[in-house]
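Remarks on the structure that follows.
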Amino acid sequence: MGKSFEALLPEHEAFIAKQHIFFVGSAPVSADGHVNISPKGHDVLRVLSTNQVAYLDLTGSGNETSAHLDENGRITVMFIAIEGPPMILRLYGKGRVALPGSHEWERLVPKFNMLPGARQIIVLDVHEVKTSCGFSVPFYTYEGERNTLQNWAEKQGEQGLLDYWHKKNMTSMDGLPTPIGQKLSTGTYNG
């Protein structure tokens, strides 16, 4: 049922392009640390090559993925078919964070439609692509994106977002520093 590939095939890219949601998984090295699984919506993911994808990460109540990537780089991105033929597609690899003002941010940001509350770009170098059946995933109907986060971010403004990041995004729930937190604490954040 499941198949493994060294890179994305055209049919994988076509499948990804049709999805309205994906999930990101990461974890700290510590056995006591929390495994994080985070859903992502909106048109924020880009396939950069057959072995690289990136997504525009929007402000959230936590910043777990960023902290985990800074510590160990491990990341999995999962897509599931909620409409049409069943399939689950997972991308395994090493990730990193591109912050505003960095060379990687400047190179990647033109590929995205900038959304209010964008805080970083997560880049994943894919070393394995796996598909599996998805036979037990139920059907859902896509009704549209929620604008709640964007409305909230616009209302905060630039200073309000910086204040929020200071309060909620400096460290992970396990106390690991985040790249944004490191930049904010040294006063070198260019967001």
The lone condition Pro116 fails out of (1) crowded, with 17+ Cβ neighbours inside 10 Å; (2) touching a residue at least 60 places away in the same chain (Cβ under 8 Å) is (2)
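Look through Val47, Val24, Val29 and report the one residue that is part of a strand (DSSP E or B), closer than 29 Å to Asp174 by Cα, among the aliphatic types (A, V, I, L, M) and in contact (Cβ under 8 Å) with a residue 12 or more places away in the chain. Break it down stepwise before answering.
Numbers: Val47 fails: closer than 29 Å to Asp174 by Cα; Val29 fails: part of a strand (DSSP E or B).
When all the criteria are applied, what remains is Val24.
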Testing Leu89 on (1) surrounded by fewer than 17 Cβ atoms within 10 Å (Cβ to Cβ); (2) on the phi < 0 side of the Ramachandran plot; (3) in contact (Cβ under 8 Å) with a residue 12 or more places away in the chain, one condition comes back false. Which one is that? (1)
Residue by residue through the range 25-50, note down the ones that are surrounded by 17 or more Cβ atoms within 10 Å (Cβ to Cβ) and farther than 26 Å from Gln150 by Cα. Ala27, Pro28, Gly33
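Here's the yes/no breakdown for (1) touching a Lys or Arg at 6+ places or on another chain (Cβ under 9 Å); (2) assigned to a helix (DSSP H, G or I):
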| residue | (1), (2) |
| --- | --- |
| Ile82 | no, no |
| Tyr140 | no, no |
| His166 | no, yes |
| Gly175 | no, no |
| Ile180 | yes, yes |
| Leu184 | no, yes |
| Thr188 | no, no |
Go through Glu104, Glu11 for me and flag whichever is out of contact with any Ser or Thr (no Cβ under 9 Å at 6 or more places or on another chain), under 25 Å from Lys183 (Cα atoms) and not in a strand (DSSP E or B). Glu104
Residue that is of a type outside the set (Lys, Arg) and either surrounded by 18 or more Cβ atoms within 10 Å (Cβ to Cβ) or within 29 Å of Asn151 (Cβ to Cβ) (or both), where the choices are Phe5, Phe22: Phe22
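Here is a check on your reading of the model: is Thr178 surrounded by 13 or more Cβ atoms within 10 Å (Cβ to Cβ) and either without any contact (Cβ under 8 Å) to a residue 40 or more places away in the chain or of a type outside the set (A, V, I, L, M) (or both)? Spell out how you get there, then give the answer.
On the way: surrounded by 13 or more Cβ atoms within 10 Å (Cβ to Cβ): yes; either without any contact (Cβ under 8 Å) to a residue 40 or more places away in the chain or of a type outside the set (A, V, I, L, M) (or both): yes.
Here the answer is yes, as Thr178 does meet what is asked.
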Is it the case that some residue within the range 53-72 is surrounded by fewer than 17 Cβ atoms within 10 Å (Cβ to Cβ) and touching a Gly at 6+ places or on another chain (Cβ under 8 Å)? no
Being surrounded by fewer than 14 Cβ atoms within 10 Å (Cβ to Cβ), under 30 Å from Gly187 (Cα atoms) and under 19 Å from the mean Cα position of the chain (by Cα) narrows it down to one of Lys111, Lys94, Lys155, so name that one. Lys111
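Every number in this text was worked out from the coordinates using simple rules, so none of it is lab data. As the structure is a prediction and not an experimental result, all values here were calculated from the model. Quick reminder, even Gly has a Cβ in these numbers, built from the backbone with ideal geometry, and neighbours come from all protein chains shown.
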